[in-house]
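*Asks:* Here's a structure for you.
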Amino acid sequence: MVSPLHAEATATLQAWKPDDPAQEALRQSYLGFLAAREDACERSCVAGHLTASTVVLDASGEQVLLTLHPRVGRWLQLGGHCEPEDSSLAEAALREATEESGISGLALDPEPLHLDVHPVTCSLGVPTRHFDVRFVARAPEGAQPVASDESEDLRWWPVRELPPGTEDLTELIAAALETKP
């Protein structure tokens with residue numbers, strides 16, 4: 001039986017229409033994966049599973065909050081696995097961003113921003129893939145992040161002066177900057 005999160009993820013991705021042909025191709029791949037796997041939103045799905053992440057911008061849109069991920073050893077947007085209690089991908093993204101940033105009152109745009117599939121060895125201990133559905137959120141004015149135990153470091157970066165090794169985030173952050181606050 002398909003979970004409510006699986007049904008919601010399918011509906012969200014069916015409704016989302018990206019302008020970019022590469023993103024549209026990924027959207028179609030995600031929908032195919034969801035159609036083939038009832039467990040596609042569960043981290044126990046070894047073939048891969050949907051995850052949810054958030055590009056957190058400050059209130060001015062001039063800074064982006066990145067976490068230095070302890071397992072990956074790179075600066076990334078906030079996010080992670082969907083949990084059984086999540087009723088939507090947007091809810092999972094907001095939960096993860098709030099937990100990892102320590103910032104309450106994040107204003108999340110519920111429409112997906114970007115998709116990315118990447119190989120990873122996560123909590124399963126075996127190679128798998130994350131089908132990451134990415135969102136954007138704005139932090140309240142003056143928000144001060146507090147690093148969780150899921151981060152080696154957490155800090156605001158100027159959107160045009162990202163740390164070394166984050167070149168793959170350029171397209172994602174550019175898409176986030178195009179959204180309206």
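Each reported figure results from applying straightforward, stated rules to the coordinates on display, with no laboratory input. Treat the numbers as computed from the prediction; the structure is a model and nothing was measured. Note that we place each Cβ from the backbone using ideal geometry, even for glycine, and neighbour counts take in every protein chain shown.
*Asks:* With +1 on the Cβ of every Lys and Arg and -1 on the Cβ of every Asp and Glu, and nothing else charged, how large is the dipole of the chain about its Cα centre, in debye rounded to the nearest 20?
*Replies:* Taking the Cα centre of the chain as origin, the dipole is about 260 debye.
*Asks:* Angle between the Cα long axis of helix 4-15 and the longest principal axis of the chain, 0 to 90 degrees, nearest 10?
*Replies:* Once rounded, one gets 80 degrees.
*Asks:* When a/c is below 1.5 the answer is rounded, else prolate if a/b is larger than b/c, else oblate, so apply that to region 108-172 with a ≥ b ≥ c taken from the square roots of the Cα gyration tensor eigenvalues.
*Replies:* prolate
*Asks:* Moving on to the next point. Per residue of region 65-78, what does 6.51 cos²θ - 1.76 cosθ + 1.60 with θ = phi - 60° give for ³J(HN,Hα)? Whole Hz please, x for Gly and Pro, Karplus curve as stated.
*Replies:* So the J values, rounded to whole Hz, are 8, 10, 10, 8, 6, x, 7, 8, x, 9, 7, 9, 5, 7.
*Asks:* List the residues of region 125-152 whose backbone N lies under 16 Å from a point placed 7 Å from the Cα of Arg74 along the Cα-to-Cβ direction.
*Replies:* Only 128-134, 152 fall inside the zone, counting backbone N under 16 Å.
*Asks:* Roughly what % of DSSP beta bridges within the chain run antiparallel, to the nearest 5?
*Replies:* In the chain, DSSP labels about 75 percent of beta bridges as antiparallel.
*Asks:* While we're here: In terms of modelled amide H atoms, which long-range or inter-chain residues lie less than 5 Å from the amide H of Asp39?
*Replies:* Amide H neighbours of Asp39, under 5 Å, 5+ apart: none.
*Asks:* Follow-up. Which order do peptides 163-169, 131-137, 173-179 fall in by mean Cβ count within 10 Å, highest first?
*Replies:* 131-137, 173-179, 163-169
*Asks:* Residues of region 31-56 with amide nitrogen under 20 Å from the 7 Å Cα-to-Cβ point of Thr170?
*Replies:* Answer for region 31-56: 55-56.
*Asks:* Give the peptides 62-69, 43-50 in descending order of average Cβ contacts within 10 Å, highest first.
*Replies:* 62-69, 43-50
*Asks:* Would you kindly derive the ³J(HN,Hα) couplings of region 164-171 from the backbone phi angles with the Karplus curve 6.51 cos²θ - 1.76 cosθ + 1.60 (θ = phi - 60°), listing them in order in whole Hz, with x for Gly and Pro?
*Replies:* Going residue by residue, I get x, x, 10, 4, 6, 8, 4, 5 Hz, with x marking Gly and Pro.
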